[in-house]
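Structure record follows, encoded as structure tokens.
The values are calculated or read from the model by the stated rules, or taken from the named source; none is laboratory data. Predicted model, so just to flag it, every value in this text is computed and none were measured. Please note: Cβ atoms are built from the backbone with ideal geometry, for glycine as well, and neighbour counts cover all protein chains shown.
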Amino acid sequence: MTAIQKIFWLRLVTTVGLCLPALNLAWRWYSDDLGPRPVTEATHSTGDWAVTLVLLSLSLTPARALLDWMPLVQVRRRIGVAAALYAGAHFLIYVFDQKWDLIVVATEIAKRFYLTIGFTVLLVLAALAITSTNGWQRKLRRNWKRLHWLIYPAAAVAIVHFFIQSKLQIGEPAFAAGLFAWLMLWRLLPAKLRTSFLGLALLAVAATLFTVGFEAGWYWLVNGIDPLRVLPANIDPELAPRPAHKVLVVSLLVIVAVALRRGIPALKRLFTRRYIQSTIPAP
Ligand code: HEM
């Protein structure tokens, strides 16, 4: 397959994949399959997908460097735009829930901190999606990079919004925060460590510890729960899997994927050499 064909298929598969959660949600809503509170379920689902896609768009730079596969960057823009669209749908469902009363919506956004920050993230994601085209990139020149740097604080604030609305069930936002920590720490590593197994092992340990810290820190700061009561949960098998365990598993899977990506071509080369040596008689 040529490089152009690969990019075509990658773009097509990504676009279909990005539409599937929305189609699934629309179908379940239409067929009354969203449980007793369909609007709440739809709000949660679109919010979850918005955060997931923001994290996915941030993972493409490390994925390209680690898997040495250039076409991956070709789908970054559409993943970022999809994140903004899911966030937009999330907001519209909220407005629908408020019976389209924009005065109530504006008052709630101004009054409730978690909605104020959610709205700020939505504005940032919308601005990034609109300016993601080549035309805007040319028009904004160096400022384009500065503007798109806002994705990092926007992702962090989106996760805070996730934490706040999750109340006491902070497993999912803590997992998202751990993955975000991995993605940010990877960017902070010295260039040589970023693609080495040592770097990835250090990253796995650091992201896991960060997740432990986020979880215990949140319970302590927001709910006043002593961290010494939360930390032991991470070593209690009955309470597994904790967010930190999930972050560790994802980090280890990254290492396995990189090992396979590098190991398989090396094995192929070795087998081809052996095969040639065994079939072609030495001169
Ligand atoms: C004006 C903008 C926004 C509004 C009004 C809003 C509103 C809400 C509401 C009402 C909930 C559910 C609260 C509950 O059930 O108690 C929620 C949850 C959530 N929101 Fe937003 N939000 C906004 C922006 C965003 C953005 C931009 C993102 C992500 C990029 C986001 C991600 C989430 C997530 C992940 C959840 C939790 C879903 C879950 O619990 O499974 N929100 N939001």
Quick check on the stretch 161-176: of everything there that is within 10 Å of the ligand (Cβ to nearest atom) and assigned to a helix (DSSP H, G or I), which residue is farthest from Ala233 (Cα to Cα)? His161
From the options Arg76, Arg138, residue that is away from the ligand (no atom under 15 Å from the Cβ), assigned by TED's automatic domain parsing to the domain that holds Asn24, among the basic types (Lys, Arg) and crowded, with 16+ Cβ neighbours inside 10 Å: Arg76
Within the stretch 89-113, residues within 7 Å of the ligand (Cβ to nearest atom) and touching a residue at least 24 places away in the same chain (Cβ under 8 Å) come out as His90, Phe91, Tyr94
Considering each residue of the stretch 234-283, count those that are under 21 Å from Gly199 (Cβ atoms) and among the small types (Gly, Ala, Ser), and give that number. 6
I'd like the full set of residues that are under 19 Å from the mean Cα position of the chain (by Cα), more than 10 Å from the ligand (Cβ to nearest atom) and among the aromatic types (Phe, Trp, Tyr), limited to the stretch 29-65. none
Go through (1) touching a Ser or Thr at 6+ places or on another chain (Cβ under 9 Å); (2) free of Cβ contacts under 8 Å to residues at least 60 places away in the same chain one by one and return the number of the condition Pro281 breaks. (1)
Report every pair of residues separated by at least 6 positions or lying on different chains whose Cβ atoms are under 6 Å apart, first residue within the stretch 162-174 and over 19 Å from His245 (Cβ atoms) and surrounded by fewer than 21 Cβ atoms within 10 Å (Cβ to Cβ), second hydroxyl-bearing (Ser, Thr, Tyr) and modelled with pLDDT of 90 or more. Ile164/Tyr114; Gln165/Tyr114
Within the bounds of the stretch 124-135, is there any residue that is among the polar types (S, T, N, Q), within 16 Å of the ligand (Cβ to nearest atom) and surrounded by fewer than 14 Cβ atoms within 10 Å (Cβ to Cβ)? no
Which of (1) away from the ligand (no atom under 16 Å from the Cβ); (2) buried (at least 17 other Cβ atoms within 10 Å of the Cβ); (3) not charged (D, E, K, R) does Pro243 not meet, given it meets every other one? (1)
